[in-house]
Amino acid sequence: MDLSYGEEYEEFRREVQAFLAESWPPRGDEAQLPQNEQIDRFRERGVEAGYLSRSIPRKYGGSEQEADSSKAAVIGEEFRRAGAPMDLLGGGVSLLVPTLLERGEEWQKEKFIKPTIRGHIRWCQGYSEPGSGSDLASLQTKGELVGDEWLINGQKIWTTGAQFADYCFCLVRTEPEQPKHAGISYLLIDMHQPGVEVRPLKQMTGNSGFNEVFFTDARTPRDWIVGKRGEGWLVSRTTLKHERSGLINVGQATSQLPALVDLARRSTRNGRPAIEDPEIRQKLAEVEGFMLANEYSLRYRATKDIKGQDPGRIQLMAKLIRSDIGQEVAKLGMELIGDDGLLAGGAASEMGRPDGPQDNGAWVTTYMGSLAGAIAAGSSNIQRNIIGERGLGLPRDAAAQRGK
Ligand SMILES: Cc1cc2nc3c(=O)[nH]c(=O)nc-3n(C[C@H](O)[C@H](O)[C@H](O)COP(=O)(O)OP(=O)(O)OC[C@H]3O[C@@H](n4cnc5c(N)ncnc54)[C@H](O)[C@@H]3O)c2cc1C
């Protein structure tokens, strides 16, 4: 398989390199500005040049470029090489913005998209509840229309970044008498109000990436709804489609491999470098094969997307494969660092371990993160159900058939 980009794209690469050589890192007076301002100005230029926010229309602050996965890959490679800021990640950009573009009112697009892609406002995703995760449509948080406002009562959980968010895109039950999928609406809610309480949850990594969010008579204006009343399930499917594809980045499919090989060179097994151990070599080769196969599949999928063709089952498999690979990489990393995997970050250095605790601490964090990766945005079991039902035509989950 020939995966080279071809001369047209190499020419484009030189253009991107020239832009970066001029624009990043900032020089002169600009280098004295606070870092967030430097990044802001750089992003403005990146949009102007057509390299950032490529899928977003100009009138909402994007650069409105034609979809071209090879160009996007070249930009990604060159920006990463230069250490330049890329498009922001996170729920606001990757989930809400595409949803607004597809289903939002004009005023919603004008008000929210530009500040979101520039990072001036931050969002959290209020979907999961204590009793509603995989079975999301059973959610109970209530939204009642009182005069010109929605009154919201209930609890969300696992809400990433809620403690820093300005707004929440949230699923609430607005038609309790309707069957569960039909009774949900998609509301936008201001997080800075008395009716919203955010309680961070402590994770096993020691961090608090996500939160519980309590709504007690929280309010949002009547027209801060995306899509029609009772059609929030449909709207949320748009978001999830983007969330799943947002987790897929062709260029990153093999990006963890060099670190793993490097770790195998520095670690020892039976008194010799682990990289010389046949069992470790075998495992590295398996992981590399898995990563490369995934990269080719993602390129195939991206090409189909651009041509407007159905990528088929690969679409359904991508999230599961990515989280499986993440786990294989993390498990091999843990095996290589051996007993140091039992030590938290700084502890290994305090004990005078030769290979550096940051490295080992990072592998422990990678391992814990890989467990979360198999749950976030739809657990691996649910992904398998989707592949079975939609990809292979197997009978539907019994509970789903009963409409529960
Ligand atoms: C890192 C991370 C970030 C997150 N961020 C957010 C966020 O910002 N906003 C938000 O709303 N949510 C967020 N979540 C929550 C996430 O969406 C849910 O954890 C996920 O949907 C699973 O729901 P649950 O935790 O309630 O598990 P459950 O649904 O209770 O599942 C428990 C187990 O049962 C299995 N299972 C459940 N149903 C089936 C079935 N029908 N068939 C086979 N197996 C089944 C699951 O695979 C899982 O192994 C985040 C989660 C993680 C890990």
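Measuring between alpha carbons in the structure, the pairs from Lys114/Lys202; Lys283/Lys319; Lys283/Lys304; Lys202/Lys228 lying more than 28 angstrom apart are Lys114/Lys202; Lys283/Lys304; Lys202/Lys228. Note on Glu279 and Val146: with the Förster distance fixed at 60 Å, the Cβ-Cβ geometry gives a FRET efficiency of about 0.35.
For segment 51-58, 3J(HN,Hα) computed residue by residue from phi via the Karplus equation (6.51, -1.76, 1.60; θ = phi - 60°) reads 9, 10, 6, 5, 8, 9, x, 4 Hz, glycine and proline entered as x. Put simply, segment 123-231 fits an ellipsoid with semi-axes of 23, 16, 10 Å; these come from the alpha carbon gyration tensor as the roots of five times its eigenvalues, largest first. Among Ser134, Ser297, Ser185, sorting on how many other beta-carbon atoms sit within 10 Å of each Cβ, with the fewest leading, yields Ser134, Ser297, Ser185. With the charge dipole of segment 123-231 set up from +1 on Lys and Arg Cβ and -1 on Asp and Glu Cβ about the Cα centre, the Cα lying farthest toward the positive end among the listed residues Thr205, Tyr127, Ala165 is that of Thr205.
Each residue in Ser23, Ser236 was given a count of other beta-carbon atoms within 10 angstrom of its own, and listing them fewest first yields Ser23, Ser236. Charge dipole of segment 95-181 (Cα centre as origin; +1 on each Lys and Arg Cβ, -1 on each Asp and Glu Cβ, all else neutral): 400 debye, rounded to the nearest 20. For segment 140-246, GluC sites (Glu not before Pro) are listed when DSSP marks them as loop and at most 10 other Cβ atoms sit within 10 Å of their Cβ; the list is Glu177. Using a simple charge model, +1 on the beta-carbon of Lys and Arg, -1 on the beta-carbon of Asp and Glu, nothing else, what dipole does the chain show about its Cα centre, in debye to the nearest 20? In total the dipole reaches around 900 debye. Our analysis of the chain gives Rg over Rh at 0.98, with the two radii drawn from alpha carbon positions and Rh computed by the Kirkwood formula. The H on the amide N of Ala218, modeled in the peptide plane, is under 5 Å from the matching H of Ile152, each at least 5 residues off or on a different chain.
The spread of Cα positions in segment 7-82, taken along each principal axis and listed from longest to shortest, comes to 37, 29, 15 Å.
When Ser380, Ser267 are sorted by how many other C-beta atoms sit within 10 angstrom of their C-beta, beginning with the fewest, the order is Ser380, Ser267.
Coordinate-derived values only; no laboratory data. Bear in mind that the values here come from a model prediction, so they are computed numbers and not experimental data. Backbone-built Cβ (ideal geometry, glycine too); neighbour counts: all protein chains shown.
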